[in-house]
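Comments concern the structure below.
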Amino acid sequence: MTCDNKEFLTLRGGRTPRWREECGVFGVWSESRPVVDVCYLGLFALQHRGQESAGIAVSDGMHIDLEKGMGLMTEAFKTRAPSLKGYCAIGHVRYSTFGGASFANIQPIFASFASSSGGGFVCLAHNGSLVNAKKLRARLEAGGCVFQSTSDSESMLNLIALNSAPTIEGKILSSLETVEGAYSLTLMAGARGSADSTHEARLIGVRDPHGFRPLCLGRLGEREYVLASESCALDAAGAEFVRDVQPGEMVVIGRKGVRSFFLQKKERLASCVFEYIYFARPDSTIDGLNVWQARYRMGRQLAKEFQEGYPGVVPDAVVPVPDTGITAAIGFSAESGVPYAEGLIKNRYVGRTFILPEQNARKSTVGMKLNPLRENLKGRKVVLIDDSIVRGTTSARLIDLLRGAGAAEIHMCVSSPPITHPCYYGIDTSIRKELIAAVSTVEEIRKTLGTDSLHYLTLRGLLESVNDAGGGKMCTSCFHGDYPTDVTEVAL
Ligand code: SF4
């Protein structure tokens, strides 16, 4: 067997790499539409999940055509349509949390394989991070496998390509039993000359047994389907939402329609609560809960808790940190009766500070990105709503901006609990000592930021807001450090 990809692959485009990953994945299977265009639209709607690179792979069952590049979708794809017209495509937008900055780490990634029945190909796009990637890679390298990138996703790809099961479905299921951590995958796979495939390319979606990252299934038409990290991408692609892919489920889409398989491994459910707090788009619905609704409820709960904790404070205005603080601020205002006001105006042409890779870039972009609206701030007692505080540098700069604009009092309310531990499942929350809540008390943070008060949403309040009052469905590990997997290999 081999991991050599030359036989099928045409690789184009690309620019100098400079990045890292939280990602968005997409896939489409359609014999009546230009799948590359559908994939482009879907990925465009997922741009918030990764802005460092993007890629699309298309197949007609015999060949794979792959186009990828650095930067936003508009930068990565100077020409939108690869020449090969296929009926199956997968795509990826990337922000790196694992693996270095190199063109080779851009996804989708590809491998061909030989077998007694003729061999085939598999192409993979991954959202998440593995917690046993080093072990998997060492085992594969010891077996003679040569890696082309430094990303954990390539270990999964090689495991699948080298697996001896006779069918693609068997290869994927059997390989993933050895993989630990977070993965929502879209794959495109086919098998040359074997009885079960006759060159058909299949679109495959898999969600790890914990369900860390979202993945949903949509329908474009009769026997035409899409897979996407978030439902907002289904809307953009003109698809109708069918259902979420279940934790531990693999869906296989081809001429036989949609078939469902399950991994044998059963794990505790741990859907990332941070998708609702910050990461996903508010117009997405994940596992039956709309993100906007969840954020609105976080805001209402935050108002209740703030009013209980600070009964003597009567604010004049609730001001969000745009964009992700807006919905919680609307909820806070509705619950408390304090008027909602814009106090920070966003320059929409500057990227999200949270997902820019360098600390210096974070510092320098805050002022470029947000400008205070003095008329709404001067002399007023302001409740400032933000979704989270990670390192505290962005928040401190924001408080400076509000003070400079004349705010009389600033009460900061955060719609998540203090982040005290890193994430190992695909969100770059940095190493532990850089997390301000890991090394400071709430009062120390308040003093560092220079606010009149500081209130974080309680974990109980957060879980109630996301319909998980019992705490059995969501991952909340970055608030307490009790991880749903072994993290010995990756602990920072
Ligand atoms: S550790 Fe935090 S950010 Fe990471 S998956 Fe769990 S809840 Fe999400």
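Distance between the pseudo-spin-label points of Lys134 and Leu373 (7 Å out from Cα toward the beta carbon): 4.9 nm. Here the spin labels are modelled as points 7 Å beyond Cα on the Cα-Cβ line, and at Ala104 and Thr420 they lie 4.1 nm apart. Computed from backbone phi with θ = phi - 60° and the Karplus coefficients 6.51, -1.76 and 1.60, the 3J(HN,Hα) list for the stretch 375-387 is 4, 8, 10, 4, x, 9, 8, 10, 9, 9, 10, 10, 7 Hz; x is used for glycine and proline.
Cross-link partners for Lys78 among the aspartates and glutamates, with Cα-Cα distance under 17 Å and sequence neighbours closer than 8 places in the same chain left out: Asp37, Glu52, Asp65, Glu67. Spin-label pair Glu444-Ala114: with each label point 7 Å from Cα along the Cα-Cβ axis, the two points sit 6.1 nm from one another. Listed values for the stretch 412-427 are Karplus-derived 3J(HN,Hα) couplings in whole Hz (6.51 cos²θ - 1.76 cosθ + 1.60, θ = phi - 60°), namely 8, 10, 10, 8, 8, x, x, 8, 10, 9, x, 9, 10, 10, x, 10, and x replaces Gly and Pro. Peptides 482-489, 234-241, 124-131, 294-301, ordered by how many other C-beta atoms sit within 10 Å of their residues on average, highest first, read 124-131, 294-301, 234-241, 482-489. Applying 1/(1 + (r/R0)^6) with r as the Cβ-Cβ distance of Lys256 and Lys85 and R0 = 25 angstrom yields a FRET efficiency of 0.70. Cβ-Cβ distance of Glu434 and Glu464, R₀ of 22 Å, FRET efficiency by 1/(1 + (r/R0)^6): the value works out to about 0.15. Output the pairs from Lys134/Lys265; Lys68/Lys266; Lys369/Lys473 with a Cα-Cα distance over 30 Å in this structure; if there are none, say none. Among Lys134/Lys265; Lys68/Lys266; Lys369/Lys473, the Cα-Cα distance tops 30 Å for Lys68/Lys266; Lys369/Lys473. Report, in deg cm²/dmol and to the nearest 500, the calculated mean residue ellipticity at 222 nm for the chain, where each DSSP H run with n ≥ 4 adds -39500 (n - 2.57) and the sum is divided by the residue count. Roughly -7000 deg cm²/dmol at 222 nm, from the helical runs in the chain.
A full extension of the chain between Glu409 and Leu492 corresponds to an added length of 26.2 nm, given 0.36 nm per residue minus the alpha carbon distance.
Say R0 is 45 Å: what FRET efficiency, to the nearest 0.05, do Ser164 and Asn290 get from their beta-carbon distance?
Working: r = 43 Å, r/R0 = 0.96.
It comes to 0.55.
Read-outs throughout are calculated quantities, based only on the coordinates presented, and are distinct from any laboratory measurement. The structure presented is a predicted model; accordingly, all values stated were derived computationally and were not measured. Every residue, glycine as well, gets a Cβ built from its backbone with ideal geometry; the counts of neighbours run over all protein chains shown.
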